[in-house]
Amino acid sequence: MKNILVTGGAGFIGSNFIRYVLAERPGVQVVNLDALTYAGSRGSLSGLPEDRHALVHGDIRDRQLVERLLSERRIDTIVHFAAESHVDRSIAGPEAFIETNVVGTLRLLEAARAAWLGRGDALEGKRFHHISTDEVFGSLGPGDAAFHEGTPYSPNSPYAASKAGSDHLVGAYVHTYGLPATITNCSNNYGPRQFPEKLIPLMILNALTGKPLPVYGDGAQVRDWLYVIDSCEAILRVIERGRPGESYNVGGGNQPTNLEIVQQICAYLDQRFPESPYRPYSKLLRFVPDRPGHDRRYAVDFRKIERELGWRPRFSLDEGLRETIEWYLANPEWLSAIGRRDDYHGWIEQNYTKRGADK
Ligand code: NAD
Ligand code: DAU
């Protein structure tokens, strides 16, 4: 692996992955193809070495652009993160999800087919790695076994359906054309640089600024929380050592209810800011109407990647949440970079960071 094309590298997991891979693999160069939608930001790329990382502002559906990048930059590895990723947005408007997640993945696969499968030895050392989600497996009942790689697909939201479609396309390119592809189906990531529409950053930033903490329905839904650094490590391991044609489930081994996780964030802030007027932060909690078709429970069985590749998560939920909260406190300028200056940045900088919150 020398020249990687990362798609969606200005988003949450992609930007963390680029930092991770540049630190772990000194010989690697990254081309980062990102459309810079609301979820992608140049601010997430600050400080990256210019001689090893290049942002190309473009769309994965632009097949000519992708083919040109693959050949001109001599790409041997594609790591495909680019997607519309938020379930609530997919419920409000599914079309963009089909466009980016399904059509976009198809165009990338077609570009890889043209560049890598058209010539004799072009497959040597190539890898297409697709980032997918545990949501393709549907929702678990209280006593059901965790999702494993053979669990039948049963996506419920438009987002999950679009990701399932993209997974099937990748599988079809492996089966039909012999594309050397792998897939990771990971659970809910959290950590630095996550857009504050997802549960954990939304709750952290709302709590810090004294806004309501909206818990959907009864708050008893369960997710399997995976710290983003653990997630990046799993992805790199599958790219380098995973078997082509295989998928690997990746989970964090933490399964609190949503309510418990919000209370855990509040408890950390209570002890971190004993003088805060919002203490106890849990008084900001509000139960709000449920998400339509809300999946009740996810849990991931990650024994395959553990057995075959020796990966398991290192961060406990306590450690991961602490790292995440401290990162948002220490980097309020990132909130301006993503367009959240007025509601979050100024407030956090004045009331926490400038008072030494990032000691
Ligand atoms: P994100 O929403 O933070 O970032 C997505 C990135 O893709 C953004 O930078 C955006 O600008 C870019 N993008 C969107 N449409 C594009 C297009 N047409 N062309 C080029 N770039 C485009 O997403 P994330 O949370 O980092 O998720 C990354 C991947 O991981 C997605 O495929 C998602 O389905 C998957 N995933 C995410 C999680 C999670 O908890 N965040 C869990 C499992 C799987
Ligand atoms: O499971 C992996 C998936 O996790 C990824 O594929 C998706 O890209 C990612 O967005 C995430 O989907 P979820 O719907 O699980 O994540 P979200 O952060 O939106 O919500 C987590 C849980 O918290 C879910 O049960 C809904 C609930 N929730 C969410 C928000 C934003 C609330 O109760 N209140 C909220 O304000």
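Just so it is clear, none of the values below were taken in a lab; they were calculated from the coordinates. Please read all numbers here as calculations on a predicted model, not as lab measurements. Ideal geometry is used to build each Cβ from the backbone, glycine not excepted, and the neighbour counts take in all protein chains shown.
Database remark: amide H of Thr133 closer than 5 angstrom to the amide H of Cys186 (H placed geometrically; neighbours at sequence offset of 5 or more, or on other chains; Pro and chain starts carry no H). Of the residues Leu45, Val102, Ser157, the one whose Cα sits farthest towards the positive end of the charge dipole of the stretch 40-166 is Leu45 (charges of +1 on Lys and Arg Cβ, -1 on Asp and Glu Cβ, taken about the Cα centre). Go through Ala82, Gly93, Gln29 and say which Cα lies farthest out towards the positive end of the charge dipole of the chain; charges sit on Cβ, +1 for Lys and Arg, -1 for Asp and Glu. Farthest along the dipole direction, towards plus: Gln29. Beta bridges per DSSP, both residues in the chain: antiparallel share near 5 percent.
Across every direction, the projection of the convex hull enclosing the Cα atoms of the stretch 1-159 has a mean area of 11.0 nm². Can you tell me how the stretch 66-126 classifies by the Cα gyration tensor, rounded, prolate or oblate, using a/c under 1.5 as the rounded cut? Here the stretch 66-126 falls in the prolate category. Among Glu240, Glu323, the ranking by other beta carbons within 10 Å of each residue's beta carbon, starting with the fewest, stands as Glu240, Glu323.
Calculate the length of the line joining the C-alpha centroid of the stretch 210-278 to that of the stretch 116-152, in whole Å. Cα centroid to Cα centroid, the span is 21 Å. Each helix, a run of at least 4 DSSP H residues, gives -39500 (n - 2.57); summed and divided by the residues of the chain, these come to -11000 deg cm²/dmol at 222 nm. When you work out D = kT/(6 pi eta Rh) for the stretch 171-312 at 20 °C and 1.002 mPa s, using the Kirkwood radius from C-alpha pairs as Rh and the Stokes-Einstein form, the result is 125 µm²/s. In order along the stretch 286-301, phi translates into HN-Hα couplings of 9, 7, 10, x, 6, 5, x, x, 4, 5, 7, 8, 10, 8, 10, 8 Hz, rounded to whole numbers, per the Karplus curve 6.51 cos²θ - 1.76 cosθ + 1.60 with θ = phi - 60° and x for Gly and Pro. Restricting attention to the chain, lysine pairs at least eight places apart or on different chains and with alpha-carbon atoms under 30 angstrom apart total 17. Counting alpha carbon pairs within less than 8 Å and at least 6 residues apart, what relative contact order, in whole percent, applies to the stretch 1-156? After rounding, I find 23 percent. Whole-Hz Karplus values for the stretch 334-348 come out as 4, 5, 5, 4, 9, x, 10, 5, 6, 7, 10, 4, x, 4, 5 Hz, taken residue by residue from phi with 6.51 cos²θ - 1.76 cosθ + 1.60 and θ = phi - 60°; glycine and proline positions read x. Considering only Gln264, Leu123, Gly251, the residue lying farthest towards the positive end of the dipole of the chain is Leu123, judged by Cα position with unit charges set on Cβ.
Based on Cα atoms of the chain, Rg over Rh with Rh as the Kirkwood radius reads 0.96.
Scalar couplings 3J(HN,Hα) for the stretch 303-308, obtained by applying the Karplus form with A = 6.51, B = -1.76, C = 1.60 to θ = phi - 60°, are 5, 5, 5, 5, 5, 7 Hz; x denotes Gly and Pro. Tell me, rounded to the nearest percent, the portion of alpha carbon pairs in the stretch 97-186 spaced more than 22 Å apart. More than 22 Å apart: 32 percent of the Cα pairs in the stretch 97-186.
Overall, the chain carries a charge dipole of about 380 debye about its Cα centre when +1 sits on the Cβ of Lys and Arg and -1 on the Cβ of Asp and Glu, all other atoms neutral. Taking the Cα centroid of the stretch 40-56 and of the stretch 294-318, what is the distance between the two, rounded to the nearest whole Å? Measuring centre to centre over Cα atoms gives 29 Å. Taking Gly47, Gly143, Gly293 as the candidate residues, the one with maximal mean-square fluctuation in a Gaussian network model of the chain, Cα springs under 10 Å, is Gly143.
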